[in-house]
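Below is one structure; the comments refer to it alone.
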Amino acid sequence: QSGLNTLLSNNFAVKEFVSKDGSDGFRLAPELVQCLQTVRDTLKSAVYINSAYRTVTHNSAVGGANYSRHMSGTAVDAYSNAGLWNYANAVICKCRPIFQSNGQDIGLGLANTYIHADMRPSYDYWTYRGVSMTASEWNNYIMNQWSKCSTSSRIEITNQDVNEDKDHTDEDTEESVETDTIDDSAQSSNSSSSGNDSNNLNVIVPVVVAGALVVIIALIAYFIYRRIALNRKSAQQKEIDIPLTSYVQQDA
């Protein structure tokens, strides 16, 4: 069990990729981890895995395809807090080159709340039930994103409202999302904590600086006042100390 917490990348651990039937072993293509980590780094937002590796038994139990690539550890169903389409854009642009570096291409499936991505010999695409976009429209969308990727390293990211109440159950197999992930429990809370600390720091620093300036100005004013007061006192003292004979001699 301790091995489940082993990190495979900066933000992903073994436990996020293992089969959900509790089997000991698992299969996983390193390119899949690289794909997800690159997507996460690009979006700067947590990525949550619905389903990765499945044993033959578990795949059958959840109604997966007979030759599902989940069984070979080369497929993942996932989504991001950045929003479905931002996640889709990042997967489309960032993962295909990674897969192609190993002589493979990408398969992309569109569901209502997640994207399926897998490694395969040639590009393929499809949509799951309940999706308003047709498979042809999904393919056109992918091609459009690839066209943008080829001319710019930047990913098209739009402002999307994150619906926390959305059911991210795998619509293909009814598998529930893995919630005890590095991204979810540790990384997200750490990011949230860091964000709060950063916001607090942004407020505290100007206040401290302003306070210090007030103190410095007050000290300068005090010393100037003291210097003027001392100069006046010194001048008055000199006038008092001059003997009367001096005036007499000057008048003479």
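The values are calculated or read from the model by the stated rules, or taken from the named source; none is laboratory data. Note that the coordinates shown come from a computational prediction; the quantities given were computed from them, not determined experimentally. Note: ideal-geometry Cβ built from the backbone for every residue, glycine included; neighbour counts use all protein chains shown.
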- Query: Hey, does region 129-146 have a residue that's over 20 Å from residue 68 (Cβ atoms) and at pLDDT below 70?
  - Reply: no
- Query: Within the group 78, 111, which residue is farther than 20 Å from residue 27 by Cα, of a type in the set (A, V, I, L, M) and either in the same structural domain as residue 48 (by TED's automatic domain parsing) or surrounded by 21 or more Cβ atoms within 10 Å (Cβ to Cβ) (or both)?
  - Reply: 111
- Task: Would you please name the residue that is nearest to the chain's Cα centre (by Cα), looking only at residues in region 21-57 that are closer than 21 Å to residue 119 by Cβ and of a type in the set (Lys, Arg)?
- Result: 40
- Task: Pick out the one residue from 120, 129 that is in the same structural domain as residue 13 (by TED's automatic domain parsing), surrounded by fewer than 20 Cβ atoms within 10 Å (Cβ to Cβ), in contact with a Lys or Arg (Cβ under 8 Å, 6 or more places away or on another chain) and of a type in the set (Lys, Arg).
- Result: 120
- Only one of 72, 23, 9, 51 is at pLDDT below 95 and either out of contact with any Leu (no Cβ under 7 Å at 6 or more places or on another chain) or surrounded by fewer than 19 Cβ atoms within 10 Å (Cβ to Cβ) (or both), namely 23
- Message: Suppose we filter region 69-122 for residues that are assigned to a strand (DSSP E or B) and within 18 Å of residue 147 (Cα to Cα); how many remain?
- Response: 4
